[in-house]
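The values are calculated or read from the model by the stated rules, or taken from the named source; none is laboratory data. Worth saying up front: this structure is predicted, and the values here are computed from it rather than measured. When we count neighbours, we look across all protein chains shown, and the Cβ atoms used for this are built from the backbone with ideal geometry, even at glycine. These accessible areas exclude ligands, DNA and RNA; they are computed on the full protein's heavy atoms, side chains included. Shrake-Rupley method; radii C 1.70, N 1.55, O 1.52, S 1.80 Å.
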Amino acid sequence: MSKRLFKNIGTLAGILPEGILRKQGAEMDHVGTLENAWLLTEEGRIADFGQGPAPAADETIDCVGGLLIPAFCDSHTHIVYAGSREGEFLDKINGLSYEEIAARGGGILNSADRLHQTSEDELFAQAMERVAEMTAKGTGAIEIKSGYGLNPEDELKMLRVIERIRKASPALIKSTFLGAHAVGRGYTHESYVQEVCRMMPQAAQYADYVDVFCDEGFFTAADTARILEAGKAAGLRPKIHANELAESGGVQVGVQYNALSVDHLERTGAAEIEALRGTGTMPTMLPGSSFFLGIPYGRAKEFIASGLGVALASDYNPGSSPSGDMRFVWSLACIRMRLTPAQAFNAVTLNSAYAMGLSAETGSITRGKRANLILTHPGWNLTKIPYLHHTPFIRQVFLQGEAI
Ligand code: NIG
Ligand code: FE
């Protein structure tokens, strides 16, 4: 494998000049495209693209007029977990809310109990199945959180599993320490916040980022500030869970600590938009969890109208979003949040890459970036994909230039 030519591309979409790390406001309406194009990859990266006579290559892939786009980027997942929680699915159908299920010892603590009893090898095997499912559906970069350990030993077990995934998968992987996902069994609230702060230096040996579930019934903005302070001392930049269940102050504390992203945001007002303006923090919305929990969708349209960028991610986890399908996320963003297909496309590619610190490496068709690509069957375009929300559209996914 050295040079690979993609010829007969009907439309090449997601083209971006070098050096643009995110899109905000009206920039999100724009998607760079080229009709009847070719694209050349070299050693797993995009070497060149254009129209007309194509350069020589070692291998040629005939795209038969299909659409070629950057692979999806999923900046918020919890895919290292043991087993499943379908029992709670029945509770939910019978009328219990996410908070009620959690209060009965279900939810995150249920996953922590299962994870405690599961070997590292088994956890890795289960998570790799989810990664394979996600890459087959077009995702080429994934952020994965800890947070089902809830004690030092099991949190580190999760972080080691994420490290193994990073080495084993062709997808780009980022790792986040979410010790503060819920209060671990055997701790008081205060003793657990202290424990999370103590875990930080060891967690930082594996993790790229630190996260806190800053929400009603979980951790307060004051707890979050303490944990982010410890994260800062260990060199970890925050990515925050905020405003899923209530207006928690999580956005403001995230911005105060220069969070790379603040995520969920189902319940936000003008104050959150104001806090985000002019910052490097990417608001990230997770429509898959709004869909599954039946809670409000984030106000992405207002955020964009205010000049902010928005990223979208799957939140793939066993409790609030048991799906890592980024095409479905794209569809929900259009259908339920009323983003245009172009805005939502930028949110599931470039902006989601930004939200995990990977937008210099992936998220667009740019010379030098990873050749992480989705080739569609002929006849597809950027509107049809979210519109025909479950019709198969992928002909082939390529990660680092290789078909998977
Ligand atoms: O992002 N909100 C907090 N954490 C996850 C849910 C985790 C779970 O229920 O297992 C989320 O929705
Ligand atoms: Fe989450």
- [ ] Please work out if L68 is out of contact with any Cys (no Cβ under 7 Å at 6 or more places or on another chain) and surrounded by fewer than 15 Cβ atoms within 10 Å (Cβ to Cβ).
- [x] no
TODO: Working only within region 97-111, note down all residues that are over 18 Å from I79 (Cβ atoms), among the aliphatic types (A, V, I, L, M) and either at pLDDT 90 or above or open to solvent by less than 60 Å² (accessible area, probe 1.4 Å) (or both).
DONE: I101, A102, L109
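Conditions (1) in contact with an Asp or Glu (Cβ under 7 Å, 6 or more places away or on another chain); (2) over 25 Å from T176 (Cα atoms); (3) modelled with pLDDT under 95; (4) open to solvent by 40 Å² or more (accessible area, probe 1.4 Å), marked per residue:
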site: G32; (1), (2), (3), (4): no, yes, no, no
site: W38; (1), (2), (3), (4): no, yes, no, no
site: E42; (1), (2), (3), (4): no, yes, no, yes
site: A47; (1), (2), (3), (4): no, yes, no, no
site: I61; (1), (2), (3), (4): no, yes, no, no
site: V80; (1), (2), (3), (4): no, no, no, no
site: R85; (1), (2), (3), (4): no, no, yes, no
site: K92; (1), (2), (3), (4): no, yes, yes, yes
site: D113; (1), (2), (3), (4): no, no, no, yes
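Being modelled with pLDDT under 95 and open to solvent by less than 70 Å² (accessible area, probe 1.4 Å): is that true of A54 here?
Values: modelled with pLDDT under 95: yes; open to solvent by less than 70 Å² (accessible area, probe 1.4 Å): yes.
For A54, the condition - modelled with pLDDT under 95 and open to solvent by less than 70 Å² (accessible area, probe 1.4 Å) - is met.
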TODO: Tell me which of these A57 doesn't satisfy, since it passes every other one: (1) in contact (Cβ under 8 Å) with a residue 24 or more places away in the chain; (2) under 30 Å from A355 (Cβ atoms).
DONE: (2)
Open item on the list: Test of understanding: among R164, R267, which residue is in contact (Cβ under 8 Å) with a residue 40 or more places away in the chain and open to solvent by 60 Å² or more (accessible area, probe 1.4 Å)?
Closed with: R164
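Looking only at strands (runs of 3 or more DSSP E) that fall completely inside region 21-107, which ones have 1 or more residues that are within 16 Å of ligand 2 (Cβ to nearest atom) and out of contact with any Lys or Arg (no Cβ under 7 Å at 6 or more places or on another chain)?
Working: elements: 32-42, 45-51, 59-62, 66-70, 72-77.
In region 21-107, the matching strands (runs of 3 or more DSSP E) lie at 72-77.
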Open item on the list: Would you confirm whether or not region 369-380 contains a residue that is buried (at least 22 other Cβ atoms within 10 Å of the Cβ), basic (K, R) and in contact with a Lys or Arg (Cβ under 9 Å, 6 or more places away or on another chain)?
Closed with: yes
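Quick test for you: out of A275, A305, pick the one residue that is open to solvent by 10 Å² or more (accessible area, probe 1.4 Å), modelled with pLDDT of 95 or more, farther than 30 Å from A222 by Cβ and over 15 Å from the mean Cα position of the chain (by Cα). Even if it seems obvious, please write down each step before you answer.
On the way: A275 fails: farther than 30 Å from A222 by Cβ.
Answer to the selection: A305.
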Open item on the list: Kindly evaluate D154 against the criterion of being touching a His at 6+ places or on another chain (Cβ under 8 Å) and either in a helix (DSSP H, G or I) or touching a residue at least 24 places away in the same chain (Cβ under 8 Å) (or both).
Closed with: yes
Task: Index of the failed condition, R299 passing every other in (1) modelled with pLDDT of 95 or more; (2) open to solvent by 10 Å² or more (accessible area, probe 1.4 Å); (3) out of contact with any helix residue (DSSP H, G or I) (no Cβ under 7 Å at 6 or more places or on another chain); (4) under 30 Å from G87 (Cα atoms) - done: (4)
TODO: Tell me which of these V262 doesn't satisfy, since it passes every other one: (1) open to solvent by less than 10 Å² (accessible area, probe 1.4 Å); (2) within 28 Å of W380 (Cα to Cα); (3) not charged (D, E, K, R).
DONE: (2)
TODO: Please work out which one of (1) under 17 Å from S359 (Cα atoms); (2) open to solvent by 50 Å² or more (accessible area, probe 1.4 Å) is the condition K7 fails and give its number.
DONE: (1)
Open item on the list: Please verify whether K239 is touching a residue at least 12 places away in the same chain (Cβ under 8 Å), surrounded by fewer than 18 Cβ atoms within 10 Å (Cβ to Cβ) and of a type in the set (D, E, K, R), treating the condition exactly as stated.
Closed with: no
Open item on the list: So, in region 208-236, exactly how many residues are open to solvent by less than 10 Å² (accessible area, probe 1.4 Å), of a type in the set (A, V, I, L, M) and in contact with a helix residue (DSSP H, G or I) (Cβ under 6 Å, 6 or more places away or on another chain)?
Closed with: 3
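Across region 37-54, which residue is farthest from M282 (Cα to Cα) among those that are in contact with a Leu (Cβ under 9 Å, 6 or more places away or on another chain) and without any contact (Cβ under 8 Å) to a residue 60 or more places away in the chain? Can you show your working first?
Taking region 37-54 as the starting set, the residues that turn out to be in contact with a Leu (Cβ under 9 Å, 6 or more places away or on another chain) are 37-41, 44, 46-51, 54.
From the residues that got through so far, the ones that are without any contact (Cβ under 8 Å) to a residue 60 or more places away in the chain too are 37-38, 40, 50-51, 54.
Working: A37: 32, W38: 32, L40: 31, G50: 31, Q51: 34, A54: 38 Å.
The selected residue is A54.
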Open item on the list: Against the definition (among the small types (G, A, S), in contact with a strand residue (DSSP E or B) (Cβ under 9 Å, 6 or more places away or on another chain) and assigned by TED's automatic domain parsing to the domain that holds R164), how does A141 come out, yes or no?
Closed with: yes
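Can you tell me which residues in region 382-395 are in contact (Cβ under 8 Å) with a residue 24 or more places away in the chain and open to solvent by 60 Å² or more (accessible area, probe 1.4 Å)?
First, pick out the residues of region 382-395 that are in contact (Cβ under 8 Å) with a residue 24 or more places away in the chain: 382-383, 385-387, 389-390, 393-395.
Passing the criteria: T383, Y387, H389, H390, R395.
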Task: Every residue from region 176-202 that is surrounded by 23 or more Cβ atoms within 10 Å (Cβ to Cβ) and either within 16 Å of ligand 2 (Cβ to nearest atom) or not assigned by TED's automatic domain parsing to the domain that holds E120 (or both) - done: T176, F177, L178, G179, A180, H181
